[in-house]
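Structure, as structure tokens:
The values are calculated or read from the model by the stated rules, or taken from the named source; none is laboratory data. These figures come from a predicted structure and were not determined experimentally. Cβ sites come from the backbone with ideal geometry, for glycine too, and all protein chains shown count toward neighbours.
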Amino acid sequence: MSGAILVVEDEPAIQELIAVNLEHAGHRVLRAASVPQAEEHVRNALPDLVLLDCMLPGLSGVSYAKQLRANERTRDVPIIMLTARASEQDKILGLESGADDYVTKPFSPRELLARIKAVLRRRAPQLTEDMVEIAGLRLDPTAHRVNGNGRNLDLGPTEFRLLHWFITHPERVYSRAQLLDEVWGDHVFVEERTVDVHIRRLRQALEPTGHDRLIDTVRGTGYRFCRALP
């Protein structure tokens with residue numbers, strides 16, 4: 001499953017090389033040559049991952065990474081730092097700024113894609129194409145299929161995305177507002193009660209195999225997806 005990746009790189013040739021390879025791999029690419037340009041993209045919609053050059057005109061990539069981590073809205077966005085500096089101290093500085101990984105220039109496109117996949121698998125598993133299974137409920141992102149105890153289940157596109165988020169983030173309670181941001185996107189403005197409608201549809205779709213019982217309503221808070229059937 002592809003994601004939206006913000007590439008913050010002020011060298012046009014490197015930015016173009018990265019963007020072309022990311023697009024070829026199925027990702028949607030947003031481009032910025034400076035922190036103000038990056039901030040404009042982030043204001044419009046949160047990217048799924050930020051590729052951030054350390055050395056940028058004006059505010060540095062390290063300083064911007066710290067800003068992203070300090071902001072509640074952006075603190076969980078995965079960040080990979082790109083830099084021409086290979087010293088241990090520079091790597092420590094990048095990681096301490098909040099980056100999830102650190103890639104030194106020059107790098108091969110294959111290596112960068114592998115690093116991106118690894119970070120997304122760890123920080124945003126719902127964006128990978130890995131098959132996931134809990135309590136006999138299996139979701140295949142590539143084939144866009146859901147199977148419960150050997151029985152195919154029919155889900156609408158929104159219910160599929162909602163289940164994918166739940167099944168990759170079990171045992172955590174999410175409010176309606178959080179689910180709207182994570183599943184619909186924080187740039188989409190719909191009523192919070194919309195979540196209730198799709199939760200009900202998801203439960204109906206999972207009911208034939210009893211997997212609807214994996215979805216808990218946490219009174220006054222939101223919803224939780226359990227690892228095991230009650």
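Things worth noting here:
- Applying a threshold of 7 Å to beta carbon distances and a minimum spacing of six or more residues, or different chains, the list of pairs starting in the stretch 202-230 at a residue that is β-branched (V, I, T) and ending at one that is loosely packed, with under 14 Cβ neighbours inside 10 Å reads T209/N149; T209/R151; V218/V173; T221/V173.
- Strands (runs of 3 or more DSSP E) enclosed by the stretch 1-98 - at least 1 residues per element that are hydroxyl-bearing (S, T, Y) and surrounded by fewer than 17 Cβ atoms within 10 Å (Cβ to Cβ): none
- Only a single item in (1) over 17 Å from R200 (Cα atoms); (2) without any contact (Cβ under 8 Å) to a residue 40 or more places away in the chain; (3) not small (G, A, S) is not met by R161, and it is number (1).
- Only one entry in L155, L162, L206 is assigned to a loop (DSSP other than H, G, I, E, B), modelled with pLDDT of 90 or more and hydrophobic (A, V, I, L, M, F, W, C), namely L155.
- Of the residues A70, A13, A38, the single one that is modelled with pLDDT of 95 or more and either in the same structural domain as A177 (by TED's automatic domain parsing) or farther than 17 Å from R115 by Cβ (or both) is A38.
- Breaking point among (1) in contact with a strand residue (DSSP E or B) (Cβ under 8 Å, 6 or more places away or on another chain); (2) without any contact (Cβ under 8 Å) to a residue 24 or more places away in the chain, for R193: (1)
- Residue in the stretch 175-197 that is assigned to a strand (DSSP E or B), more than 13 Å from L139 (Cα to Cα) and within 23 Å of the chain's Cα centre (by Cα) present: no
- Residue list for the stretch 209-229, filter: polar (S, T, N, Q) and not in a strand (DSSP E or B): T209, T221
- Residue in the stretch 152-162 that is in contact with a helix residue (DSSP H, G or I) (Cβ under 7 Å, 6 or more places away or on another chain), loosely packed, with under 13 Cβ neighbours inside 10 Å and among the β-branched types (V, I, T) present: no
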